[in-house]
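The values are calculated or read from the model by the stated rules, or taken from the named source; none is laboratory data. Note that the structure is a prediction, hence the values are computed from the model and not measured. In this analysis, Cβ positions are derived from the backbone assuming ideal geometry, glycine residues included, and neighbour counts consider all displayed protein chains. Only protein heavy atoms, including side chains, enter the accessible area calculation; ligands, DNA and RNA are left aside. Shrake-Rupley method; radii C 1.70, N 1.55, O 1.52, S 1.80 Å.
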Amino acid sequence: QLQLVESGGGLVQAGGALRLSCAASGSTSEHYGIGWFRQAPGKDLEGISCITGSLSGETTYYSDSVKGTFAISKDKAKNTVYLQIDYLEAGDTGVYFCAAGFCNQTSIRARGDILLRPFHFWGQGTQVTVSS
């Protein structure tokens, strides 16, 4: 069973930065793509970015709606995927999740329940609140 644990959320002022972490554990965790998602208050779950597994070259993809202040990276030794968010705005407030599954440009562009099809294993989420 694959398990994911997010950390790094918190309260930050607009213009600040955060680095979210997603620690993966499980016998085949390195083979899965890992993605970052967020759910803003009153809005659908949306994809942000994902990185493919070790057998797929660890390619990164970003959702079209994500501005250039998000960056995904991976530490293979720690089996951890990071999401760096710079120049945070009030609209970035929400719960940020990581999930494992099939990562490509199409899957990360999805919104809502459709995201549950390619991404099967989800963490509990970490709250990010941006104060203006």
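Brief remarks on what is shown
- Filtering Ile51, Ile72 for residues that are without any contact (Cβ under 8 Å) to a residue 40 or more places away in the chain, open to solvent by less than 60 Å² (accessible area, probe 1.4 Å) and either touching a Ser or Thr at 6+ places or on another chain (Cβ under 6 Å) or within 12 Å of Val128 (Cα to Cα) (or both) leaves a single hit, Ile72.
- Of all the residues in segment 83-108, those that are crowded, with 17+ Cβ neighbours inside 10 Å and within 21 Å of Ala40 (Cβ to Cβ) number 13.
- Number of residues in segment 105-129 that are in contact with a Pro (Cβ under 9 Å, 6 or more places away or on another chain) and modelled with pLDDT of 95 or more: the value is 0.
- Pair list, Cβ < 8 Å and 6+ apart or interchain, from segment 1-21 residues that are within 16 Å of His120 (Cβ to Cβ) to residues that are hydroxyl-bearing (Ser, Thr, Tyr) and in a loop (DSSP other than H, G, I, E, B): Leu2/Thr28; Leu2/Tyr32
- Residue in segment 34-42 that is of a type in the set (S, T, N, Q) and closer than 19 Å to Gln1 by Cβ present: no
- Those strands (runs of 3 or more DSSP E) of segment 27-79 in which at least 1 residues are among the basic types (Lys, Arg) and farther than 19 Å from Asp113 by Cβ, considering only elements entirely within it, cover 70-75.
- Leading residue by the ranking (nearest to Gln127 (Cα to Cα)) among those in segment 66-86 that are touching a helix residue (DSSP H, G or I) at 6+ places or on another chain (Cβ under 8 Å) and modelled with pLDDT under 95: Asn79
- If you go through segment 4-40 and pick out every residue that is at pLDDT below 95, of a type outside the set (Phe, Trp, Tyr) and open to solvent by 30 Å² or more (accessible area, probe 1.4 Å), you end up with 6.
- Members of segment 110-125 that are open to solvent by 100 Å² or more (accessible area, probe 1.4 Å) and either more than 14 Å from the chain's Cα centre (by Cα) or under 18 Å from Glu6 (Cα atoms) (or both): Asp113, Arg117, His120, Gln124
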